[in-house]
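Trainee: Input: one structure, supplied below.
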Protein chains: 4
Amino acid sequence: MTDEILPALAYRPLDLPPVDLETIANVREFEAPARERIHEAAWAYLAGGAWDGHTIRANDRAFDGFRLRPRVLRDVASVSPMTTILGRAAAMPVGIAPAALHALAHPDAELATARAAAAEGTIVTVSTVASRTIEDVAAAAPDARRWFQLYVQHDWDQTRSLVERAAAAGYEAIVVTVDLPVLGYRDDLLRVRFDPGPGAYANLPLRDTWRAGRELDELIDLRNVPMTWERLDEIRSWAPLPLILKGIMTGEDARLGIDHGADGIWVSNHGGRQLDRVHAPIEVLEEVVDAVEGRAEVYMDGGIRRGTDVLVALGLGATAVFTARPLLWALACAGEPGVVHALRILKEEVARALALLGAASPAEVTRDHVSPARGIARP
Amino acid sequence: MTDEILPALAYRPLDLPPVDLETIANVREFEAPARERIHEAAWAYLAGGAWDGHTIRANDRAFDGFRLRPRVLRDVASVSPMTTILGRAAAMPVGIAPAALHALAHPDAELATARAAAAEGTIVTVSTVASRTIEDVAAAAPDARRWFQLYVQHDWDQTRSLVERAAAAGYEAIVVTVDLPVLGYRDDLLRVRFDPGPGAYANLPLRDTWRAGRELDELIDLRNVPMTWERLDEIRSWAPLPLILKGIMTGEDARLGIDHGADGIWVSNHGGRQLDRVHAPIEVLEEVVDAVEGRAEVYMDGGIRRGTDVLVALGLGATAVFTARPLLWALACAGEPGVVHALRILKEEVARALALLGAASPAEVTRDHVSPARGIARP
Amino acid sequence: MTDEILPALAYRPLDLPPVDLETIANVREFEAPARERIHEAAWAYLAGGAWDGHTIRANDRAFDGFRLRPRVLRDVASVSPMTTILGRAAAMPVGIAPAALHALAHPDAELATARAAAAEGTIVTVSTVASRTIEDVAAAAPDARRWFQLYVQHDWDQTRSLVERAAAAGYEAIVVTVDLPVLGYRDDLLRVRFDPGPGAYANLPLRDTWRAGRELDELIDLRNVPMTWERLDEIRSWAPLPLILKGIMTGEDARLGIDHGADGIWVSNHGGRQLDRVHAPIEVLEEVVDAVEGRAEVYMDGGIRRGTDVLVALGLGATAVFTARPLLWALACAGEPGVVHALRILKEEVARALALLGAASPAEVTRDHVSPARGIARP
Amino acid sequence: MTDEILPALAYRPLDLPPVDLETIANVREFEAPARERIHEAAWAYLAGGAWDGHTIRANDRAFDGFRLRPRVLRDVASVSPMTTILGRAAAMPVGIAPAALHALAHPDAELATARAAAAEGTIVTVSTVASRTIEDVAAAAPDARRWFQLYVQHDWDQTRSLVERAAAAGYEAIVVTVDLPVLGYRDDLLRVRFDPGPGAYANLPLRDTWRAGRELDELIDLRNVPMTWERLDEIRSWAPLPLILKGIMTGEDARLGIDHGADGIWVSNHGGRQLDRVHAPIEVLEEVVDAVEGRAEVYMDGGIRRGTDVLVALGLGATAVFTARPLLWALACAGEPGVVHALRILKEEVARALALLGAASPAEVTRDHVSPARGIARP
């Protein structure tokens, strides 16, 4: 079935066996075997950053700018990574960030990812440009906490239809991506013709053949169909769901978002794929949290790889964090069980790190648990 | 013709075909193929920096000291890189900085560069030490916005003649280079005898054979013919053209320049070729802008390679930026079409970065769009 | 005898001769030959850090954040590293930090280490998880200044028994490790099954076979038997010995420790083996010293390799420092004489550095002898 | 003759021809060929630093912490590196720092170095542990500005004799080294037995065979013969010469030095050969200059390799700088003409850098010409 959908970028299940999950102790270890299992052009698409990649590298490294301050002899006997997000319980403060075309990693695509999220009790954010329909993902994982990520389309009716379908299919929230008025400048995609084949984008009435790079602009380039704060108010009226703004990088925009009724502010630089030379999300998280003043929940993605990264974000005021690339790697390595394993690792790391930090739950992590790293002169 | 002019450093058109421009996605990618197409001694001359090269390296890397702060959901439907420089429209806030001897890169030399500037609607600054005469460049690209870069000569009448010729040939402004009282210390040029051959400097009545390195001092070393602020006033009286001071690196000198009637302050460290251990221009840009207090336009060169670099400079207060080496590389790779391609890349990058920054034009970029990068301790 | 105790990880005395101590000029030089003499799995256990190892690397490098300020023409004729710790003389302000299972390095295990400490007049801290019993170590080195490091056990009576045995055997102080409510996340130990064999932990009534990694949690994981500040008061009542809290990393906890009657605060991040992304001890030492306000002695471990490191710590307010890994390396290289040589090197380095700092003794080192390193921009 | 003096470390004039000085454009370029011409053990002695070498590396790199601020359109027509040191003219603000045993580099030893200093009009500081006598150096270069560097000896009469001989031989000043109460810890010298042979130290009545490393302590280790501020007053009374204190690294000691009548404060960390983990001299220069408040001249050595380094030091308040290793390299490469060439390079670099800085002489360089480098986050 996958081969029909993605002739050029088909997952190659026969080439390599699934990875032995016992050998994977942290989610970064999924990267190398995933690379062997994903088509070269698809890998370039998934892994790449915009312009010179300053931002994509910064996302990882910016955590080095912070230190955890562990407190001792606290009662952590009942330590648990359980938390509350948008008023409902989540098994941990780590959810699945949206990413395009999970079928690039595995034929089960978003069905597998959503089932893994359900199994591990966390949130999955399904992308507008998923390989499976909004409804199919819902049917595959009815009990999963599902959020729907919205790319605004040139066609306004089409945009509204996506929101209504998500609401009808039991998605909990609409995550509007606000940092993509145009695509970021991607050197490699200007040269590689990335063609996922006809029908690859299950939720969009695209023409049969569609190509990334410059042509992706045609889909969602808003230079001629402005998406502004006023339009956002209209989107909000389409469904009685919480609205989350993904892609906020300044305190000013966080405040504007709150003023326009956002229920969540998602700090993100789109995985380093849009504007280059911007801060890593972890670097501006505190600025955003301060601007929000508790009037909405704050999330972030970008560079989350270990439980210790999660705690830094919680300490700086995030309610939860999200990650995508490591889970796509896990999906490529072993399908749904791979994603389950990845989520379990993150859950165990968060629990263990919480206990070592002297906090029995994510809610007990405070600003005092984090301090800036001190600059070290290199002799 | 070129072979007659530049026997030692002749462009070698037969050795290698022009570069396929479709393969070039950013201007840095012109560097490697250019190096194959330029004579080794000429390359050393064009690429080198003074002393230990601290400054030339800093010019590139100093942009890492800044971050862009993208704003979302702004109306960027009509985003355009068009701007206004010295009261006239320019297609983008990126112009061509002066560089010596374009014939080292390609036999069409400055004729090609000026034509490319005209085609892409931006400014070309023609050097005193160009390979083609002031008049020939004007004739080749009558519609180009041409500025003339002036090296003050020992011979004061000769200096005046250069300014008058530029004014007569329709150049828009005089860019006086003020950071070359003597040549910077260039280790390699003390060893390599760089001889462009008789007549290489089309605008100067030099002796037939002329060699760079220590002997270049003889031409423009001002140790025995002081060029001071007072002399500048005299230069200003020679032509009714705007006067731009190129090579300012402090707020103090920017203020002095304004007091002496400069219409533009061009922040530059001469591409790292004069004094070493100085700041990168981007690091002192804000100091200069603050000192100028809007009484003149401020430009800069040094390390501009991508549209994101341009936005950092605009955010810090520059009206426009200039770049030379990448365009010489493009010239060496493919002549005039190469330079056109390079300018188009920069234009597209600026437009795309503007939209992602939430600004519909260069004029909408403000100081709030830039913040210092946060230091990261390396563990 | 050793072979019986540690079948899997036995020291291999026949493979390699002892290292020629004349060739060892600083304690880091023991590392490479030690690695050849220690079983691979044991080396991984001893050398490793938690999570990504940010902390274990930071421990070494954080000293680069400080500079010594040497004073000249002081009377250092009688310079000596002698100092006073907990009211008694010590030959130098460097003691032996606790580490598990010295038999992994050498069959003489803690007997050798303690004898070396006695010979060189410094303190040895014996671990709860030593290879030799509390009593055997005391018998081997009756004159050594011996401290006992306590891991609180699930079994509270068993915990009390350890403290009482130490007091009865003439240990001077109880060093309670407070940073191990659970084990740190160790990627490698999740894969390598590290089994020191039956009876390896001489002081603990463990089941015959015991394995590190996840199973070590079963021993001392306090998630179901909370160890809190209140419990600490009870421990204090068991023996009339000074109580030292090892693993404090914040001023807040140092203050709490003093309030609960601690006689010493030992700044440590457990050699980078517990929570990752925390500060190096040397970076928080001043914060702790300031919080303690002279009401207790402050010690530290983490990254001490040279006499100059020791002086930085003294300048920031430590009474003494401790180190473990270099002494285990020395133990593996040459047994007791190796440890003696290592301690002598440290002693000579401290004496020489004191004289060069202008201080005739550790007591003369003050806060003014240390300043932050100045950040250096890398061009 | 040399072979008789230095059997083990003899200069090997037959092995390699003198270096072609035309190929040397900056003084660092003497290093590699010098290494080929100096005995391995001697090279280790000359090149090495104490402990881990943090300080010796910092000396070079610390200049990266500063930037020059060039001023333009100043009258630099008559630019000259001439300056005044201790009331007398010097051809440039760069002198020769003391170093032991120039015969390790070349058989002409200090005779060549002093003659080169005379030829180029700068100061040479002759070491107590020179290869030639105080008197022979004076006779070889009677017109050189000669300073005598004093190592205080155990034998106080012997110390006085050195000072009196220097005064009698026309040395201008006594430079008392104050940072050597004991030798720094040198790992390599503890292993390598460095034996320059009988009579190597021309000014000292040493036993015939003498070995560096631990035994050098026996000569000048002051642990049992304290050298303090009071002793300094006595030294001052022995000769009517200016007294310079070499090895000051704090404002406090600079102030004490002035109070004890010093005419010059020489900031130095002994080329990184004494205490490790100390600041580079350039980093503390301003602190010292501020403490001195113009009551004495301030000099520095450490990492001076280029004219731009010199200007940074002048801007921070030094009257002059000194350097040793590059001149020893030059001496090894080509004897006296090599040192002359090295001094000429430095002189030319200083002149050229002065003009580019907008200063016509060293005296015109001010604090405003230097600013801290801005930290750059590495992405």
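Trainee: Applying the selection to region C:257-271, what residues are farther than 27 Å from C:R186 by Cβ and either touching a Lys or Arg at 6+ places or on another chain (Cβ under 9 Å) or hydroxyl-bearing (S, T, Y) (or both)?
Mentor: C:I258, C:H260, C:G261, C:A262, C:G264, listed by residue number.
Trainee: Which one is nearest to the other protein chains (Cβ to nearest Cβ), of the residues in region B:307-329 that are more than 16 Å from the chain's Cα centre (by Cα) and touching a residue at least 60 places away in the same chain (Cβ under 8 Å)?
Mentor: Top of the filtered list is B:T308.
Trainee: Quick one: in region B:47-81, of everything that is modelled with pLDDT of 95 or more and among the hydroxyl-bearing types (S, T, Y), which residue is surrounded by the most Cβ atoms within 10 Å (Cβ to Cβ)?
Mentor: For region B:47-81, the residue satisfying everything is B:T55.
Trainee: Follow-up. What number goes with the only condition from (1) within 30 Å of A:M249 (Cα to Cα); (2) away from chain A (no Cβ under 14 Å) that B:L101 does not pass?
Mentor: Answer for B:L101: the failing condition is (1).
Trainee: So, in region D:26-72, how many residues would count as being within 14 Å of chain B (Cβ to nearest Cβ) and without any contact (Cβ under 8 Å) to a residue 12 or more places away in the chain?
Mentor: 1
Trainee: Here is a check on your reading of the model: is D:V321 within 19 Å of D:E364 (Cβ to Cβ) and crowded, with 22+ Cβ neighbours inside 10 Å?
Mentor: yes
Trainee: Before we move on, is C:A359 aliphatic (A, V, I, L, M) and either surrounded by fewer than 21 Cβ atoms within 10 Å (Cβ to Cβ) or within 13 Å of another protein chain (Cβ to nearest Cβ) (or both)?
Mentor: Considered against the rule, which asks whether it is aliphatic (A, V, I, L, M) and either surrounded by fewer than 21 Cβ atoms within 10 Å (Cβ to Cβ) or within 13 Å of another protein chain (Cβ to nearest Cβ) (or both), C:A359 comes out as yes.
Trainee: Could we say that D:T84 is in a strand (DSSP E or B), surrounded by fewer than 24 Cβ atoms within 10 Å (Cβ to Cβ) and either more than 14 Å from chain B (Cβ to nearest Cβ) or charged (D, E, K, R) (or both) here?
Mentor: Spelling it out, D:T84 is indeed in a strand (DSSP E or B), surrounded by fewer than 24 Cβ atoms within 10 Å (Cβ to Cβ) and either more than 14 Å from chain B (Cβ to nearest Cβ) or charged (D, E, K, R) (or both).
Trainee: Next up: Within the set of pairs 6 or more residues apart or between chains, which connect a residue that is over 16 Å from B:A166 (Cβ atoms) and within 7 Å of chain D (Cβ to nearest Cβ) inside region B:225-239 to a residue that is charged (D, E, K, R) and not in a helix (DSSP H, G or I) with Cβ atoms less than 6 Å apart?
Mentor: Filtered contacts from region B:225-239: B:P226/D:D75; B:T228/D:D75.
Trainee: Further, regarding this structure: Taking the conditions exactly as written (of a type in the set (S, T, Y) and free of Cβ contacts under 8 Å to residues at least 40 places away in the same chain), does B:S80 satisfy them or not?
Mentor: Taking the combined requirement at face value, the residue does not satisfy it.
Trainee: Residues of region A:26-40 being crowded, with 19+ Cβ neighbours inside 10 Å and part of a helix (DSSP H, G or I), which ones?
Mentor: Answer for region A:26-40, where residues must be crowded, with 19+ Cβ neighbours inside 10 Å and part of a helix (DSSP H, G or I): A:V27, A:E29, A:F30, A:P33, A:A34, A:R37.
Trainee: What are the residues in region D:248-273 that are in contact with a helix residue (DSSP H, G or I) (Cβ under 6 Å, 6 or more places away or on another chain) and within 9 Å of chain C (Cβ to nearest Cβ), if any?
Mentor: Hits for region D:248-273 are D:I248, D:M249, D:H260, D:N269.
Trainee: Here is a list of conditions, (1) within 14 Å of chain D (Cβ to nearest Cβ); (2) more than 17 Å from the chain's Cα centre (by Cα), and C:K347 meets all of them except one; can you say which number that is?
Mentor: That leaves (2) as the condition not met.
Trainee: Now a separate question. Looking at C:A117, is it at pLDDT 95 or above, outside any strand (DSSP E or B) and either surrounded by 24 or more Cβ atoms within 10 Å (Cβ to Cβ) or within 13 Å of the chain's Cα centre (by Cα) (or both)?
Mentor: The answer is yes for C:A117.
Trainee: State which residue is farthest from A:T323 (Cα to Cα) when the search covers only region A:89-103 and only residues that are surrounded by fewer than 24 Cβ atoms within 10 Å (Cβ to Cβ) and either modelled with pLDDT under 95 or touching a Leu at 6+ places or on another chain (Cβ under 9 Å) (or both).
Mentor: Taking the candidates together, the pick is A:A91.
Trainee: Just give me the residues in region D:253-287 being in contact with a Gly (Cβ under 6 Å, 6 or more places away or on another chain) and among the β-branched types (V, I, T), in sequence order.
Mentor: D:I265
Trainee: Given the conditions (1) over 30 Å from D:T55 (Cα atoms); (2) of a type outside the set (F, W, Y); (3) in a helix (DSSP H, G or I), which single one is not true for D:A89?
Mentor: Among (1) over 30 Å from D:T55 (Cα atoms); (2) of a type outside the set (F, W, Y); (3) in a helix (DSSP H, G or I), the lone unmet condition for D:A89 is (3).
Trainee: If only one of D:A332, D:A342, D:A353 is in contact (Cβ under 8 Å) with a residue 12 or more places away in the chain, crowded, with 22+ Cβ neighbours inside 10 Å, under 27 Å from D:E22 (Cα atoms) and facing another protein chain (nearest Cβ under 8 Å), which one is it?
Mentor: So the residue among D:A332, D:A342, D:A353 that is in contact (Cβ under 8 Å) with a residue 12 or more places away in the chain, crowded, with 22+ Cβ neighbours inside 10 Å, under 27 Å from D:E22 (Cα atoms) and facing another protein chain (nearest Cβ under 8 Å) is D:A353.
Trainee: Moving to a separate point now. Among the candidates B:D217, B:D195, single out the residue that is away from chain D (no Cβ under 14 Å) and either under 27 Å from B:V94 (Cβ atoms) or at pLDDT below 95 (or both).
Mentor: B:D195 is the lone residue from the list that is away from chain D (no Cβ under 14 Å) and either under 27 Å from B:V94 (Cβ atoms) or at pLDDT below 95 (or both).
Trainee: Turning to a different aspect of this structure: State all residues of region A:153-180 that are modelled with pLDDT under 90 and either within 19 Å of B:L356 (Cα to Cα) or of a type in the set (D, E, K, R) (or both); if no residue qualifies, say none.
Mentor: A:Q153, A:H154, A:D155
Trainee: If you don't mind, another one. Tell me the residue from D:H106, D:H154 that is assigned to a loop (DSSP other than H, G, I, E, B), surrounded by fewer than 22 Cβ atoms within 10 Å (Cβ to Cβ) and out of contact with any strand residue (DSSP E or B) (no Cβ under 8 Å at 6 or more places or on another chain), please.
Mentor: Checking each option against the conditions leaves just D:H154.
Trainee: Looking at the structure I just gave you, is B:A167 more than 14 Å from every other protein chain (Cβ to nearest Cβ), among the hydrophobic types (A, V, I, L, M, F, W, C), more than 16 Å from the chain's Cα centre (by Cα) and not in a strand (DSSP E or B)?
Mentor: The answer is yes for B:A167.
The values are calculated or read from the model by the stated rules, or taken from the named source; none is laboratory data. Since the model is a prediction, treat every value here as computed from it, not as a measurement. All Cβ positions, even for glycine, are placed from backbone atoms using ideal geometry, and neighbour counts span all protein chains on display.
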